1. Show that you can apply the helix-only estimate: for the chain, add -39,500 (n - 2.57) for every DSSP H stretch of four or more residues, divide by all residues, and state [θ] at 222 nm to the nearest 500.
2. Only Lys, Arg, Asp and Glu count, each charged at its Cβ (+1, +1, -1, -1), so figure out the dipole size of the chain about its Cα centre, rounded to 20 debye.
3. Over all directions, average the projected area of the Cα convex hull of the chain and note it in nm².
4. Output wanted: per-residue J couplings in Hz (rounded whole) for segment 16-23, from phi through Karplus 6.51 cos²θ - 1.76 cosθ + 1.60, θ = phi - 60°, x for Gly and Pro.
5. Tabulate in residue order the Karplus-calculated ³J(HN,Hα) for segment 50-59, using 6.51 cos²θ - 1.76 cosθ + 1.60 with θ = phi - 60°, rounded to whole Hz; enter x for Gly and Pro.
6. Near Pro24, within a Cβ-to-Cβ distance under 10 Å, what is the net charge of the other residues, with Lys and Arg +1 and Asp and Glu -1?
7. Which order do Asp68, Asp79 fall in if you start with the one that has the fewest other Cβ atoms within 10 Å?
8. Arrange the following residues from fewest to most other Cβ atoms within 10 Å of their Cβ: Phe16, Phe63, Phe44, Phe76.
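Just so you know, all these numbers are worked out from the coordinates, no wet-lab data involved. As the structure is a prediction and not an experimental result, all values here were calculated from the model. Note that we place each Cβ from the backbone using ideal geometry, even for glycine, and neighbour counts take in every protein chain shown.
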Amino acid sequence: MIRRIVVTQRHIAGGFKGACGQCPVALAVKEACPQSLFVSVTLFAIRLGPAVKCATPEIVAAFITKYDAGEPVAPFTFDLEV
């Protein structure tokens, strides 16, 4: 199943740098997949609960790198294969 994930300015403003479960991408994934027990986002994997692990798309890894470095970032959309 493919989920469309929309990272908004609200997610960016409400996220925390270096926090796998509270970064803007994690907040957007939680919103799109409310049934997930927990969400964790790293440069390599996005986890939705203990049993679901997805590869992190390149666009997401690039966003995380910039966001955590304090560089300007903009809202974006990506597809997550769950």
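1. Calculated at 222 nm, the ellipticity per residue is -9000 deg cm²/dmol.
2. Here the chain has a charge dipole of around 180 debye.
3. Approximately 4.6 nm², given one-decimal rounding.
4. Karplus values, whole Hz, x for Gly and Pro: 10, 5, x, 10, 4, x, 10, 6.
5. Once rounded to whole Hz, the list reads x, 9, 10, 10, 10, 5, 6, x, 4, 4.
6. +2
7. Fewest to most other Cβ atoms nearby, the residues stand as Asp79, Asp68.
8. Ordered by Cβ neighbours within 10 Å, fewest first: Phe44, Phe16, Phe76, Phe63.
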